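Report on one structure; see the data block that follows.
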Amino acid sequence: MATAYSLVIPIFNEEAIIPELWNRLGAVIPTLDGDTEVIFVNDGSYDSSLDILTQLAQQHPEIKVIALSRNFGHQCAIAAGIDHAQGQAVILMDGDLQDPPEAIPTFISHWQQGYHVVYAIRTKRKESLPKRIAFTTFYRLHHLLSGIDIPLDAGIFSLMDRKVILALRQMPERNKYISGLRAYAGFRQTGVIIERGHRYSGEPRVTILKLFKLAFDGIFAFSNIPLKLATYLGLVCATSSFLLGLIGLYYKFILGRTFLSWAYGLTTTFFMGGIQLIFLGIIGEYIGRIYDEVKQRPYYIIADKINF
């Protein structure tokens, strides 16, 4: 019998959460109207997460485990699960229980109404204030800069039809931003408001630095506006400098006095130097991503698979 639903859950050092995660999933799965597989992707955990997942897989044949050879990152771990999912609908969710498993039937209900993508619109985030500000700023900045319509406050927690999954498998980017690729794929999409819960146990795995990396991947993968800004700002600065030069010549040769002092010139030099370094960094981000794509290295390596 064909698998109806696949749940893809990346795991990184979540030994304290996995038992409760499975308890809540175990209460939801029997209520679904089709065969369901649960794919846990162990992303190089160095605690006992893999041992716990292995024991669960031995007890429950619907649980499948992919063990990556090292930590490849959240987005690559999800991509590994997507590549192995057999369901007609694939549900992505994080393993820290901030994404409530009880919302899965709501996703399926909308999918059965004809939507190919159903994503959670996260409200009332329970993270710290700096992280809430960082998430809010990123989503809006990304929406402003991106060349495609990426929904605001829509993270990984979502359901995707088989058609969308097959489309994602044809997008072999090394620096992945799954939410953006999901929007790029198109098809009929809708959002469902889901209140994001507290992390069940332990400290958040996503640091501010990782958030910046994800933000850069999302912006640079879907927009070339930062490169255009360098051109526009360069034109503005060149025009301004030319006009200031003409004013300076007028003051010196017509009025016979100095226009501005050396301090203003020094400040302007440092300012322009900073602007140049910023845009060199932006260009470097694009070049680095081109370099990653040219190398064509796999974006994950599997050490072991269980129950496949």
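The values are calculated or read from the model by the stated rules, or taken from the named source; none is laboratory data. These numbers were taken from a predicted model, which means no experiment stands behind them. Cβ placement follows ideal geometry from the backbone for every residue including glycine, while neighbour counts extend to all protein chains displayed. All accessible areas refer to the heavy atoms of the entire protein, side chains included, with ligands and DNA or RNA removed. Shrake-Rupley method; radii C 1.70, N 1.55, O 1.52, S 1.80 Å.
For this structure, a couple of remarks:
- Scanning segment 92-107 for residues being touching a Ser or Thr at 6+ places or on another chain (Cβ under 7 Å) and either within 23 Å of S49 (Cα to Cα) or small (G, A, S) (or both) gives a total of 1.
Matching residues to (1) assigned to a loop (DSSP other than H, G, I, E, B); (2) buried (at least 21 other Cβ atoms within 10 Å of the Cβ):
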| site | (1), (2) |
| --- | --- |
| N71 | yes, no |
| A77 | no, yes |
| G87 | yes, yes |
| V90 | no, yes |
| L97 | yes, no |
| P105 | no, no |
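- Of all residues in segment 265-297, exactly one satisfies the criterion of being in contact (Cβ under 8 Å) with a residue 60 or more places away in the chain and either open to solvent by 90 Å² or more (accessible area, probe 1.4 Å) or outside any helix (DSSP H, G or I) (or both), namely R297.
- Members of segment 258-285 found to be modelled with pLDDT of 70 or more and either in contact with a helix residue (DSSP H, G or I) (Cβ under 6 Å, 6 or more places away or on another chain) or among the aliphatic types (A, V, I, L, M) (or both), listed by number: M272, I275, L277, I278, F279, L280, I282, I283, E285
- Count of residues meeting criterion [of a type in the set (D, E, K, R) and more than 26 Å from I165 (Cβ to Cβ)] in segment 8-34: 2
- Residue count for segment 14-26, restricted to those that are assigned to a loop (DSSP other than H, G, I, E, B) and open to solvent by less than 10 Å² (accessible area, probe 1.4 Å): 1.
This table checks each residue for (1) assigned to a loop (DSSP other than H, G, I, E, B); (2) modelled with pLDDT under 75.
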| residue | (1), (2) |
| --- | --- |
| V192 | no, no |
| P204 | yes, yes |
| L209 | no, yes |
| Y299 | yes, no |
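- In segment 24-54, of all residues being among the polar types (S, T, N, Q) and at pLDDT 90 or above, the one that is farthest from I306 (Cα to Cα) corresponds to N42.
- Considering (1) of a type in the set (A, V, I, L, M, F, W, C); (2) assigned to a helix (DSSP H, G or I); (3) closer than 28 Å to P298 by Cα, the lone condition that W111 does not fulfil carries the number (3).
- Pair list, Cβ < 7 Å and 6+ apart or interchain, from segment 28-55 residues that are within 17 Å of T106 (Cβ to Cβ) and in contact (Cβ under 8 Å) with a residue 12 or more places away in the chain to residues that are open to solvent by less than 40 Å² (accessible area, probe 1.4 Å) and aromatic (F, W, Y): L32/Y5; G34/Y5; T36/Y5
- Evaluating D153 against the criteria (1) under 19 Å from M93 (Cβ atoms); (2) open to solvent by 60 Å² or more (accessible area, probe 1.4 Å); (3) at pLDDT below 75 leaves one unmet condition, (2).
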